[in-house]
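For reference, the structure discussed in these notes is given below.
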Amino acid sequence: MSVDREQLAHAMVELTTRLVADGADAAWLLRTATRSVSEVTGASAAGLLVADPRGGVEVLAASDDTSRFLELLQTLTGEGPCVDCIRTGEVVAVPDLDGGDSARWPAFRLAALSGGFAAVHAFPLRLRGRALGGVNVFHERRRELGREELAAAQALADLAVLGMTAESGDRREARLAETTLAVLNGRVRVAQAVGMVAAARNLDPGAARVLLQSHADRTRATTGEVAWAITAGTLDPAELVATVLPSHSAADLRAEDG
């Protein structure tokens, strides 16, 4: 299939406008790039894994509970399409999970099929010839992406990496490692803030996270900045819950980031 050019243009504009203005928060870039790759490929769900400079891989974002479980499963078993795309730096395409190609990931294959997915593609977040993360997109039906769709999805993933690495040469890799660590460490603060918001008004964590993200969007702050304010005591979580109306649905991309 061909790419919806209007949709692709919108995704490119969204990313580049932020980058050429005041720059972009790393968490926002990753969340937006993952959502954009999902949209241009017509996927039902998406997730993001990133290589932790300290070793292993970590889940940074997922569009729903099923895709989050599949991402976590890959980190625990060390196998799956996104893990392979990070290892090889190449796109991993499995248009039919019932076919033989996915047999090398038995646990992932069974979980993906049980979760209602029939196809999966993984796109590497590449820098200087190696992959530092990967975006997974899932389809509920057998789906082989066309050349334009593959190229568009990879271009969006590459653009996000460029936005996260404003340095040159070897310093770019060091900068990305620093950024990745900052995002991973920020997840702890966001999780703490979500717990505080949930406890303040007896909400479940999902609803509390939606409210926190909504407040960040409405005030033009990052998720990490709002989480910092809540955990530092300068923003009352009860007040946030009482005054902010959620603008995100539970199906929105939820990133455990800073």
Single residue of GLY169, GLY116 found to be out of contact with any Cys (no Cβ under 8 Å at 6 or more places or on another chain), open to solvent by 30 Å² or more (accessible area, probe 1.4 Å), at pLDDT below 90 and not polar (S, T, N, Q): GLY169
GLU79, sole failed condition from (1) within 21 Å of the chain's Cα centre (by Cα); (2) open to solvent by 40 Å² or more (accessible area, probe 1.4 Å); (3) within 24 Å of GLU39 (Cβ to Cβ): (3)
Some residue of the range 197-204 being part of a helix (DSSP H, G or I) and open to solvent by less than 10 Å² (accessible area, probe 1.4 Å): yes
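Quick grid of which residues meet (1) under 19 Å from ARG109 (Cα atoms); (2) among the charged types (D, E, K, R):
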site: ALA27; (1), (2): no, no
site: VAL37; (1), (2): no, no
site: GLY47; (1), (2): yes, no
site: ALA51; (1), (2): no, no
site: ASP65; (1), (2): yes, yes
site: ARG68; (1), (2): yes, yes
site: THR75; (1), (2): yes, no
site: ALA93; (1), (2): yes, no
Pairs where the first residue, in the range 228-249, is within 22 Å of VAL183 (Cβ to Cβ) and part of a helix (DSSP H, G or I) and the second is modelled with pLDDT of 90 or more and among the small types (Gly, Ala, Ser), C-beta under 6 Å, 6+ apart: ILE230/ALA193; THR231/ALA193
Qualifying residue in the range 231-250 (condition: at pLDDT 80 or above, open to solvent by less than 70 Å² (accessible area, probe 1.4 Å) and under 29 Å from LEU162 (Cβ atoms)): no
The lone exception for GLU90 - which of (1) open to solvent by less than 10 Å² (accessible area, probe 1.4 Å); (2) under 24 Å from GLY146 (Cβ atoms) it fails: (1)
Residue within the range 120-136 that is aromatic (Phe, Trp, Tyr), under 14 Å from the mean Cα position of the chain (by Cα) and either over 26 Å from VAL190 (Cα atoms) or open to solvent by 20 Å² or more (accessible area, probe 1.4 Å) (or both) present: yes
Pick from the range 211-228, criterion touching a Ser or Thr at 6+ places or on another chain (Cβ under 8 Å) and modelled with pLDDT under 90, ranking: surrounded by the fewest Cβ atoms within 10 Å (Cβ to Cβ): ARG218
Flag for LEU176 being aliphatic (A, V, I, L, M), at pLDDT below 75 and under 18 Å from the mean Cα position of the chain (by Cα): yes
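The values are calculated or read from the model by the stated rules, or taken from the named source; none is laboratory data. Because the structure is a prediction, the values reported are computed rather than measured. So basically every Cβ, Gly included, is an ideal-geometry build from the backbone, and we count neighbours across all protein chains shown. SASA here: full protein model, heavy atoms, side chains in, ligands and nucleic acids out. Shrake-Rupley method; radii C 1.70, N 1.55, O 1.52, S 1.80 Å.
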